[in-house]
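See structure below.
The values are calculated or read from the model by the stated rules, or taken from the named source; none is laboratory data. Source: prediction; values computed, not measured. Counting neighbours? That spans all protein chains shown, and the Cβs are built from the backbone with ideal geometry, glycine included.
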Amino acid sequence: MKKSILPCLITTLIASSSVWAADSAIAQKANKPFTLGVVVKVGGIPWFNVMEQGIKEEGKALGVDAWQVGPTTADPAEQVRAIEDLIAKKVDVIGVVPNDAKVLEPVLKRAQQAGIKVITHESPAQTNADWDFELLDTQNMGANHMKDMAACMGEKGKYAMFVGSLTVPLVNEWADAAIAYQKAHYPDMTLVEDRFGVAESVDDSMRTANDLLSRHKDLKGIMSFGSQGPIGAARAIDKRKKNDATCVFGTFTPGQGIRLLEKGAIDGGYISNPMVAGKVFVQVATAMMNGEALKDGVRIGDMGEIKINGNTLISDNPEKLDVENTRRLVKLGL
């Protein structure tokens, strides 16, 4: 029987404010106007709709002409075409949330050769990017998800793993960290089959969950790193009336998942705040265009204090997706 996981919220909600810390080493406004185009994985889904809101709001606040480009499908080739269009428009900075880090390397190199600065997100150590930024610590992200799902499953039984894509580095690193934590701490839990790269589509996730539930009658858990994965998995489980028998944890947009969370079809998860990610694209771009030095210990807007690993800027600002905090995030418009 599934155990309830509704721990009290122990941290205050991370505000999505444009106000930067008073002791920040990074300037708050653009020294002169510049252009920033951000290419996301796919347009029209709640996660990236919220990110777009953050980009627009922070662009207005900092005096940056910033906008988002959303391909119609999660196809790396569409991202390449979108980036080529931004190069042709001679923007000052290009931001990208890659669908395939390797496929984008040549077009990002062309952008840099054209004098355009390149920022990525969810793609640590991205080749041909000036900076990548991450709002979550990889090992903590994987471990926290697995701790919660193990508690829900009674620390034993079969589970499956969904990711947004098999070619997106970050979500696969989170999955690696979660699986490694399970193997080290919960020997009576077993991963069934290979991970499934379906979690950017509700339909694909629902279909895969149904197939898994048919093949593995005793499946007790599904973990998903990709915002549509928990939604699709939960719908499949809810339709089969298995809410009390199957645990679902992962990353999802609060407004899209709150009803499934409240009825127990989704059990929880952790996310970065996509609105914050949108704001940080503008904040990092502004710091770069202003010639600010980015180094360990510097505070960058909504990231707070950063650590640097190669060309990756790292902070750890998780939002816990229990019922209480998810309701608060929904009220913020997430």
Which condition breaks for Gly310 when tested against (1) in the same structural domain as Val96 (by TED's automatic domain parsing); (2) in contact with a helix residue (DSSP H, G or I) (Cβ under 9 Å, 6 or more places away or on another chain)? (2)
Would you please name the residue that is farthest from Pro98 (Cα to Cα), looking only at residues in segment 244-253 that are at pLDDT 95 or above and crowded, with 24+ Cβ neighbours inside 10 Å? Thr246
Could you tell me which of the residues Lys295, Lys239 is over 25 Å from Ala129 (Cα atoms), surrounded by fewer than 18 Cβ atoms within 10 Å (Cβ to Cβ), without any contact (Cβ under 8 Å) to a residue 40 or more places away in the chain and not aromatic (Phe, Trp, Tyr)? Lys239
If the requirement is being modelled with pLDDT of 95 or more, of a type in the set (Asp, Glu), closer than 25 Å to Ala30 by Cα and surrounded by fewer than 15 Cβ atoms within 10 Å (Cβ to Cβ), which of these qualifies: Asp65, Asp130? Asp65
Can you pull out every residue in segment 60-85 that is part of a helix (DSSP H, G or I) and touching a Lys or Arg at 6+ places or on another chain (Cβ under 9 Å)? Ala61, Leu62, Pro76, Gln79, Ile83, Glu84
Those residues of segment 111-124 which are of a type in the set (A, V, I, L, M) and either at pLDDT below 95 or in a helix (DSSP H, G or I) (or both), in sequence order: Ala111
Restricting attention to segment 133-177, and to residues there that are in a loop (DSSP other than H, G, I, E, B) and of a type in the set (Ser, Thr, Tyr), which single residue is surrounded by the most Cβ atoms within 10 Å (Cβ to Cβ)? Ser165
Unique residue being of a type outside the set (S, T, N, Q) and more than 28 Å from Gln53 (Cβ to Cβ) when the list is Ala277, Ala234, Ala245, Ala265: Ala245
Can you spot a residue in segment 74-81 that is under 30 Å from Asp296 (Cα atoms) and at pLDDT 95 or above? no
Selection from segment 265-294 of residues part of a loop (DSSP other than H, G, I, E, B), of a type outside the set (Asp, Glu) and in contact with a strand residue (DSSP E or B) (Cβ under 9 Å, 6 or more places away or on another chain) yields Ala265, Ile266, Gly269, Ser272, Asn273, Leu294
Residue pairs, Cβ under 8 Å, 6 or more apart or interchain, first in segment 305-334 and within 15 Å of His121 (Cα to Cα), second surrounded by fewer than 16 Cβ atoms within 10 Å (Cβ to Cβ) and among the β-branched types (Val, Ile, Thr). List them. Ile314/Ile308
Going through (1) crowded, with 21+ Cβ neighbours inside 10 Å; (2) of a type outside the set (A, V, I, L, M, F, W, C); (3) within 27 Å of Lys158 (Cβ to Cβ) one by one, Asp211 fails only at (1)
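Residue-wise test of (1) touching a Leu at 6+ places or on another chain (Cβ under 9 Å); (2) of a type in the set (Val, Ile, Thr); (3) within 20 Å of Leu334 (Cα to Cα).
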position	(1), (2), (3)
Asp203	no, no, no
Ile222	yes, yes, no
Gly232	no, no, yes
Arg240	yes, no, no
Gly257	yes, no, yes
Ala265	no, no, yes
Pro274	yes, no, yes
Leu294	yes, no, no
Lys307	yes, no, no
What number of residues in segment 86-110 are assigned to a helix (DSSP H, G or I), closer than 23 Å to Phe48 by Cα and free of Cβ contacts under 8 Å to residues at least 60 places away in the same chain? 6
Hey, Leu260 in a loop (DSSP other than H, G, I, E, B) and of a type outside the set (Val, Ile, Thr) or not: no
Among (1) closer than 30 Å to Ala236 by Cβ; (2) not assigned by TED's automatic domain parsing to the domain that holds Leu170 - the single one Arg259 does not satisfy: (2)
Inside segment 26-55, the number of residues satisfying the requirement of being in contact (Cβ under 8 Å) with a residue 40 or more places away in the chain and either closer than 23 Å to Pro169 by Cα or within 19 Å of the chain's Cα centre (by Cα) (or both) is 16
